[in-house]
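Chemist: Here's a structure for you.
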Number of protein chains: 2
Amino acid sequence: MVQDVAIIGAGQTRYGDFPDNGVKELFAEAYLEMIQSVDKGLDPQQIGSAYIGNLSAGSGYQLGQLAPLLMGHVGLPHAHAVRVENACGSGGYALYSAACAVASGKFDMVIAAGVEKMRDVSSTKGKYWLGVSGDTEYERLAGSTFAGIYALMAKRYMHEYGLKREHLSMVAVKNHRNAVANPKAQFRKEITLDKAMSGVPVADPFNVWDCSPTSDGAAVVLLCNAKIAKQFTDKPVYLKGFGAASDYLAIHDRHTFTSLVAAQKAAAEAYKQANVGPKDINFAEVHDCFTIAEILAYGDLGFCEVGQAQRLLEEGTTQPDGRLPVNASGGLKAKGHPLGATGCGQATEIFKQLRGEAKEPSRQIQNGRIALSHNVGGSGGTAAVFIYQRGDE
Amino acid sequence: MVQDVAIIGAGQTRYGDFPDNGVKELFAEAYLEMIQSVDKGLDPQQIGSAYIGNLSAGSGYQLGQLAPLLMGHVGLPHAHAVRVENACGSGGYALYSAACAVASGKFDMVIAAGVEKMRDVSSTKGKYWLGVSGDTEYERLAGSTFAGIYALMAKRYMHEYGLKREHLSMVAVKNHRNAVANPKAQFRKEITLDKAMSGVPVADPFNVWDCSPTSDGAAVVLLCNAKIAKQFTDKPVYLKGFGAASDYLAIHDRHTFTSLVAAQKAAAEAYKQANVGPKDINFAEVHDCFTIAEILAYGDLGFCEVGQAQRLLEEGTTQPDGRLPVNASGGLKAKGHPLGATGCGQATEIFKQLRGEAKEPSRQIQNGRIALSHNVGGSGGTAAVFIYQRGDE
């Protein structure tokens, strides 16, 4: 890496169901929060480029060129702007591409963003979305659903490693509790373990409490060349490592169901670049689109051995007061999951936590110095992992 | 720019209507031609990353994660892979992002590719495609078509600068003649000026001969760090400059109809980075989705003053034997226009021409040293411009 990369601003909408706001309004709301977060001020015309993650625009509401449409709406009509897409990982890949653009020296200041309006995907198209994660030819057209594919992974984890149904629910209970104090979260209510274990069935072993919601939302992160970061804030956050990797889309081509190999490879790349290891991570935001996905992430990111995730849950390690808080925001499960926005929303949460600006004091993580985010495309066809470090030391 | 960028391989399918080939088959065909073009050989596992341009996958044939699906199909399932989209400029933006990834030092070897299967966009969805270029809210839903928007620009150019109907047709006649010797071209037949002026009306002043076709196709370009290029070929092509910029999608927001400001800004950036000017360009591939688009390009790229393009046509400057051949491949008009593939197909044509490998001797441009490609998203919402230099000197 040639130029080091810093994050100097970040903002996001609340996630939820917003019938009165289109993608332009959602993007502008997140953009304005980002601009206001740059504490020494910024001339937006310095922003040379934008990578914007989105999946659903092609379903009809803006078939092509969503990125320049959004940038024109916020008064930057001429900046380089492009949409990047890797399903639910689109936001992470926007962040990755933006980081490359800064690292290349081509631009000093680049937006990474994501926006999704899942409410506007029409019901006739909606049936497609259940299979969006996987291989159209071998999975979607054969009748598989997104939940169904992750359910296979959960079943296999149970079979190989003795994971119990209640471990899945412990993830849901933790993340719902974490979301209560997060003003950006879609579901701000606690659920009991009994309730989490007895929801309406979706795909065995999952019930509705194992599944992330349908969400609208946007998130915008501002990256710059680390050399100039302190002109804009005394509290930059450095993007010390970024990794991304892929895997076969169709799970019948993979050699394991109890790890996402894409995430393992992405994590290895990010750790190597940042020159840190799993033990150095103080807290993390991980991609819990289904409860099993957080359990897979623990192993894939090296927080435990593959197959030992249940121990972390039983010992409370990933609770907000544990050694390694995971999804203090509420995660995809309770903060919400507006596909293309999720990866940049994770970065926004970490930016605020590392700066001590989590707002609700009850949810501020204390003494966080190094953090990680993990964003997955679909059922693990792609994954991007980022490592962040506080820059005010 | 920190690391210089070279192109060491390129390949593409013929463009056309291929009912028996899906996106995977088209991509693989172009990928294999690219691999074979690396004359000193290559271990494909050295390829760390792929940026793939595509517009239509989201219409149903692969809703998300097309990029890793294609890479898995050619035996590179774990490389970083992501789809980039800016409508008809998607391929150019894939090339731009790939160049940033190499320049950043993050990867030594990166694929830029594009693939499109326009035949597989269903007829009910097909109606959308006529408006894909522009702003859904203000243009497509109001009934405008893609041809209709460019027709407005043609009318305005005629009004302001005295362009005649026959100047439009001169572009079509030239590009059809150029395509005859190109084995990759969709339409390999000459048309007369009379025929070009009297086709079935599409959107006044356009008839069918002013419009590029519906095409299937793929193109794959291999970029690497310039420092290692000569390990793989004695004839690398250097990517000396790359620029990209945007404009308002809806033309009612623009201050001119006789230039694409996005293309002007992209060209200025590319010329500056390459440290050359329009007079240094020996030949060019430009985005002639409609005949007027090539005429706009002449001015936007500085080949003439805005408004003077008809002179270049009358004087034969852009004919294959002129001072500045434009679209020696046949251009979008006759080589074909598989949206997301087009930008990388232009790069493939230039790579082959600069290496003296245009195959049909009759179409080989002599003594070309510096070339330019110009790829536009929709009606000018985005544009990307690239400057290439022969590397065997």
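Chemist: First check a/c for the range A:237-339, with a ≥ b ≥ c the square roots of the eigenvalues of its C-alpha gyration tensor; if it is under 1.5, answer rounded, and if not, answer prolate when a/b is larger than b/c or oblate otherwise. List each step's numbers first, then the result.
Modeler: Values: a/c = 1.38, a/b = 1.14, b/c = 1.22.
Verdict is rounded for the range A:237-339.
Chemist: Rounding to the nearest 10 and keeping the result within 0 to 90°, find how far the Cα-based axis of helix A:90-103 lies from the longest principal axis of chain A.
Modeler: Tilt of helix A:90-103: around 40 degrees.
Chemist: Just how many % of Cα pairs in the range A:222-267 lie over 14 Å apart, if you round to the nearest whole percent?
Modeler: Values: 634 of 1035 pairs.
Of all Cα-Cα distances in the range A:222-267, 61 percent exceed 14 Å.
Chemist: Which ³J(HN,Hα) values in Hz, rounded to whole numbers, follow from the phi angles of the range A:368-375 under the Karplus curve 6.51 cos²θ - 1.76 cosθ + 1.60, where θ = phi - 60° and Gly and Pro get x?
Modeler: x, 10, 10, 9, 9, 10, 9, 10
Chemist: Using only the Cα atoms of chain B, what do you get for the radius of gyration and for Dmax, in Å?
Modeler: Both quantities, over Cα of chain B: 19.1, 56 Å.
Chemist: Turning to a different aspect of this structure: How many partner chain Cβ atoms sit within 10 Å of a residue's Cβ in peptide A:66-79, on average, as a whole number?
Modeler: Working: counts 6, 8, 15, 9, 1, 2, 8, 2, 0, 0, 1, 10, 9, 4.
For this peptide, the per-residue mean of nearby foreign Cβ atoms is 5.
Chemist: Sort B:109-117, A:361-369 by the packing proxy (mean of other Cβ within 10 Å over each peptide's residues), most packed first. Before the final figure, lay out the partial values.
Modeler: Working: B:109-117: 31.6, A:361-369: 13.6.
Order by mean packing, descending: B:109-117, A:361-369.
Chemist: Over all directions, average the projected area of the Cα convex hull of the range A:301-343 and note it in nm². Display every interim value, and only then the final one.
Modeler: Details: hull surface 14.6 nm².
Averaged projected hull area, Cα only: 3.7 nm².
Chemist: Near A:Lys240, which aspartates and glutamates are there with a Cα under 17 Å away, not counting those fewer than 8 places off in the same chain?
Modeler: Those aspartates and glutamates meeting the cut-off are A:Asp4, A:Asp108, A:Glu269, A:Asp280, A:Glu285, A:Glu349, A:Asp392, A:Glu393.
Chemist: With label points built 7 Å along Cα→Cβ from the Cα atoms of B:Asp280 and A:Val208, find their separation and express it in nm.
Modeler: Once both label points are built, they end up 6.4 nm from each other.
Chemist: Here's another thing I want to ask about it. Kirkwood Rh, the range A:131-192, all Cα pairs: how many Å? If you can, show how the numbers build up before the last one.
Modeler: Working: mean 1/r = 0.0722 Å⁻¹.
After inverting the mean inverse Cα-Cα distance, the result is 13.9 Å.
Chemist: Under 17 Å Cα-Cα from A:Lys195, which lysines qualify once same-chain neighbours fewer than 8 residues away are excluded?
Modeler: A:Lys164, A:Lys174, A:Lys333
Chemist: Based on the Cβ-Cβ distance from B:Glu166 to A:Asp39, what FRET efficiency comes out when R0 is 51 Å, to the nearest 0.05?
Modeler: Values: r = 61 Å, r/R0 = 1.19.
That gives a FRET efficiency of 0.25.
Chemist: Also, quick follow-up: Give the shape of the range A:186-258 as rounded, prolate or oblate, defined through the alpha-carbon gyration tensor: a ≥ b ≥ c are the square roots of its eigenvalues, a/c under 1.5 means rounded, and otherwise the shape is prolate if a/b is larger than b/c and oblate if not. Can you show the working numbers first?
Modeler: On the way: a/c = 3.33, a/b = 1.61, b/c = 2.07.
Here the range A:186-258 falls in the oblate category.
Chemist: Sticking with this structure for a sec: Amide H to amide H under 5 Å from A:Ala79: which residues, 5+ apart in sequence or cross-chain, H placed 1.01 Å off N in plane?
Modeler: Excluding prolines and chain starts, which carry no amide H, the hits are B:Ser246.
Chemist: Additional query: With Cβ to Cβ distances under 14 Å as the rule, what net charge do the other residues near B:Lys40 carry (K, R +1; D, E -1)? Working shown, then result.
Modeler: Details: positive: B:Lys230, B:Lys235, B:Arg355; negative: B:Asp39, B:Asp43, B:Asp234, B:Asp392.
Net charge in that neighbourhood comes out at -1.
Chemist: Roughly how many nanometres apart are two label points built 7 Å out from the Cα toward the Cβ at B:Tyr138 and A:Leu152?
Modeler: 4.7
Chemist: Could I ask something else about it? Give B:Lys335/B:Lys359; B:Lys106/B:Lys235; A:Lys279/B:Lys227 a once-over and call out the pairs whose C-alpha atoms are over 27 Å from each other.
Modeler: Working: B:Lys335/B:Lys359 15 Å; B:Lys106/B:Lys235 24 Å; A:Lys279/B:Lys227 37 Å.
Beyond 27 Å between Cα atoms: A:Lys279/B:Lys227.
Chemist: Considering the Cα positions of the range A:175-317, please state its Rg to one decimal place and its Dmax as a whole number of Å.
Modeler: Every Cα atom of the range A:175-317 included, Rg and Dmax give 17.9, 53 Å.
Chemist: Which number comes out as Rg/Rh for the protein assembly as shown once both Rg and the Kirkwood Rh are worked out on C-alpha atoms? Let's see the in-between values first.
Modeler: Values: Rg = 25.4 Å, Rh = 26.0 Å.
Rg divided by Rh gives 0.98.
Chemist: May I ask you to evaluate 6.51 cos²θ - 1.76 cosθ + 1.60, the Karplus curve with θ = phi - 60°, for each residue of the range A:327-336 and list the ³J(HN,Hα) values in order in whole Hz, giving x for glycine and proline?
Modeler: For the range A:327-336, the Karplus curve yields 6, 4, 6, x, x, 4, 4, 10, 5, x Hz.
Chemist: Grab the DSSP H runs of the protein assembly as shown that are 4 residues or longer, score each as -39,500 (n - 2.57), total them, divide by all residues and round the 222 nm result to the nearest 500 deg cm²/dmol. Display every interim value, and only then the final one.
Modeler: Values: 24 runs with 256 residues, N = 786.
Theoretical 222 nm ellipticity from helices: -10000 deg cm²/dmol.
Chemist: Run the numbers on the range B:203-330 and let me know its relative contact order in percent, using alpha-carbon pairs under 8 Å that are six or more apart. Walk me through the numbers before you get to the answer.
Modeler: Working: 126 pairs, mean separation 27.6, N = 128.
With pairs under 8 Å counted, the relative contact order is 22 percent.
Chemist: Shielding of A:55-62 by partners, i.e. mean partner chain Cβ atoms within 10 Å per residue? Spell out each step's value before the answer.
Modeler: On the way: counts 5, 3, 3, 13, 6, 6, 3, 7.
Per residue, the average neighbour count from other chains is 6.
Chemist: For the Cα atoms of chain B, what angle does the longest principal axis make with the long axis of helix B:165-179, in degrees from 0 to 90, nearest 10?
Modeler: 30
Chemist: Rounded to whole Å and sorted largest first, list the principal axis extents of the Cα atoms in the range A:1-94.
Modeler: The principal-axis extents, from largest down, are 38, 31, 25 Å.
Chemist: What's the percent breakdown of Cα-Cα distances in the range A:25-75 across 5 Å bins, shortest bin first?
Modeler: Going from the shortest bin to the longest, the percentages are 4, 16, 28, 25, 13, 8, 4, 1.
Chemist: Report, please, the projected area of the range B:278-393 averaged over directions, based on the convex hull of its C-alpha atoms, in nm².
Modeler: On the way: hull surface 27.5 nm².
Convex hull of Cα atoms, orientation-averaged projection: 6.9 nm².
Chemist: Cα-based Rg of the range A:275-327 per 2.2 N^0.38 Å, rounded to two decimals?
Modeler: Working: Rg = 10.2 Å, N = 53, 2.2 N^0.38 = 9.9 Å.
Normalised Rg, Cα atoms only: 1.02.
Chemist: Quick one: in the range A:76-219, what % of C-alpha pairs are over 17 Å apart? Intermediate results must be reported in sequence, preceding the final value.
Modeler: Values: 7440 of 10296 pairs.
The calculated P(r) of the range A:76-219 puts 72 percent of pairs beyond 17 Å.
Chemist: Tell me the label-point distance for the pair A:Glu315, A:Gln273, using the 7 Å Cα-to-Cβ offset, in nm and rounded to one decimal.
Modeler: Output for this residue pair reads 3.0 nm.
Chemist: If you line up the long axis of helix A:342-354 against the longest principal axis of chain A, both from Cα atoms, how many degrees apart are they, to the nearest 10?
Modeler: 70
Chemist: Still on this model: What is the extension gain from B:Arg188 to B:Arg323, computed as 0.36 nm multiplied by their sequence separation minus the C-alpha to C-alpha distance, in nm to one decimal?
Modeler: Working: separation 135, 0.36 × 135 = 48.60 nm, distance 2.39 nm.
So the chain would gain 46.2 nm between B:Arg188 and B:Arg323.
Quick note: the coordinates plus some simple rules give every number you see, no bench work behind them. Since the structure is predicted, the reported quantities are computational estimates derived from the model, not experimental observations. Quick reminder, even Gly has a Cβ in these numbers, built from the backbone with ideal geometry, and neighbours come from all protein chains shown.
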